[in-house]
1. Mind checking which residues of region 39-54 are within 19 Å of PHE17 (Cα to Cα) and part of a loop (DSSP other than H, G, I, E, B)?
2. For the structure I just gave you, tell me whether ASP216 is buried (at least 19 other Cβ atoms within 10 Å of the Cβ) and closer than 22 Å to MET138 by Cβ.
3. Which one of ASP124, ASP141, ASP162 is surrounded by fewer than 17 Cβ atoms within 10 Å (Cβ to Cβ) and either more than 16 Å from the ligand (Cβ to nearest atom) or modelled with pLDDT of 95 or more (or both)?
4. Can you confirm whether ARG66 is touching an Asp or Glu at 6+ places or on another chain (Cβ under 9 Å) and either closer than 23 Å to CYS230 by Cβ or not small (Gly, Ala, Ser) (or both)?
5. Being of a type in the set (Ser, Thr, Tyr) and either part of a helix (DSSP H, G or I) or over 19 Å from the mean Cα position of the chain (by Cα) (or both) is true for just one of TYR222, TYR240. Which residue is that?
6. Given the condition closer than 29 Å to TRP157 by Cβ and surrounded by 22 or more Cβ atoms within 10 Å (Cβ to Cβ), answer yes or no: does some residue in region 41-50 qualify?
7. Might you let me know whether region 6-17 holds any residue that is in contact with a strand residue (DSSP E or B) (Cβ under 7 Å, 6 or more places away or on another chain), touching a residue at least 60 places away in the same chain (Cβ under 8 Å) and of a type in the set (A, V, I, L, M)?
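The values are calculated or read from the model by the stated rules, or taken from the named source; none is laboratory data. Everything quoted here is computed from the prediction, not taken from an experiment. Using ideal geometry, Cβ is built from the backbone for each residue, glycine included, and neighbour counts are taken over all protein chains shown.
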Amino acid sequence: MFKIDAHNHPDYHGYNFERHIADMDEKGIAKTWLLTWECPAGEYDPNTIWAFATAMGDRDYPAPLRLCWSYKERAPERFILGYCPDPRRPDAVQKMKAAVRTYGVQVCGELKLRMMYDNPDALDLYRYCGEEGIPVTMHFDNAGAQTTGAEFPRRHWWYGGDIDTLERVLRLCPQTNFLGHAPGFWCHISADRLGESQAYPKGPVVPGGRIEELLDKYPNLYCDCSAGSCRIALTRDPAYTKKLILAHPDRFVYARDYFDNELSPFIDSLGLPEEILEAFYHGSAERLVATVKQ
Ligand SMILES: [Zn+2]
């Protein structure tokens, strides 16, 4: 069964274009959603920037659109182009429109900024994306779970707000599809408060978490299954995970945000029906971008 990786970045963790394509081939990945991270300096941890394309002296953004486009240009069939301008900029919607028309952007992401994601300027961007059929990928980190132990440059690296911020966005932009991602989202697999102080809580899931609740309540919420945050959350309680996916078979989207395939053996071991695995590995990702107007 072929896969779509719904979350990755260009020139990331030492994977240049050729290595990225070779890795996709090796792991059975037909297409990758290649996402930008256009984050101003000062809003990301300078100790983690080694993972991004900074070796060329290009310090404008960790993952600029220019770089995503260069991959898309070289292998148009292998990449779905993502882009998220900083919604706080006055030209954000215009920039998004231009990128959609000029480069065929199909996904808004990754949104990973030190701002509350339900601010009115951000809502304008999401609503535009909704009109165009473009899904929005959002990274959440809780301040209390990302403390640095230092006063400078930041006491903590938080992104987006909390799960209530996400709920307000889902409610205020019903025409837009959103993918929740990262520790501040996935900690809500469980109805406990461990995620307020831990990035990767472990242990049995307390049923009735906010993810379950929001999936029931908002048809525009999807789960980006990338990175350790998702894998650790889903493997906390396999029986619960199976029930959750069976209850929302079209809302979990295979993704990596890295170059491994660590999630697949676990998902494959759950005994999910074939059509649900098809949706997980590629069907839902295809459907999410199927109506983007070019
Ligand atoms: Zn992220």
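1. Correct list: PHE52, ALA53, THR54.
2. For ASP216, the condition - buried (at least 19 other Cβ atoms within 10 Å of the Cβ) and closer than 22 Å to MET138 by Cβ - is not met.
3. When all the criteria are applied, what remains is ASP124.
4. yes
5. Values: TYR222 fails: either part of a helix (DSSP H, G or I) or over 19 Å from the mean Cα position of the chain (by Cα) (or both).
Selected residue: TYR240, the only one of TYR222, TYR240 that is of a type in the set (Ser, Thr, Tyr) and either part of a helix (DSSP H, G or I) or over 19 Å from the mean Cα position of the chain (by Cα) (or both).
6. No, every residue in region 41-50 fails to be closer than 29 Å to TRP157 by Cβ and surrounded by 22 or more Cβ atoms within 10 Å (Cβ to Cβ).
7. yes
So that you can scan it fast, the table gives a plain yes or no per residue for (1) within 16 Å of the chain's Cα centre (by Cα); (2) in contact (Cβ under 8 Å) with a residue 24 or more places away in the chain; (3) more than 16 Å from the ligand (Cβ to nearest atom):
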position: GLY208; (1), (2), (3): no, no, yes
position: ARG231; (1), (2), (3): yes, yes, no
position: ALA255; (1), (2), (3): yes, yes, no
position: TYR258; (1), (2), (3): yes, yes, no
position: LEU270; (1), (2), (3): no, yes, yes
position: GLU274; (1), (2), (3): no, no, yes
position: ALA279; (1), (2), (3): no, yes, yes
position: GLY283; (1), (2), (3): no, yes, yes
position: THR291; (1), (2), (3): no, yes, yes
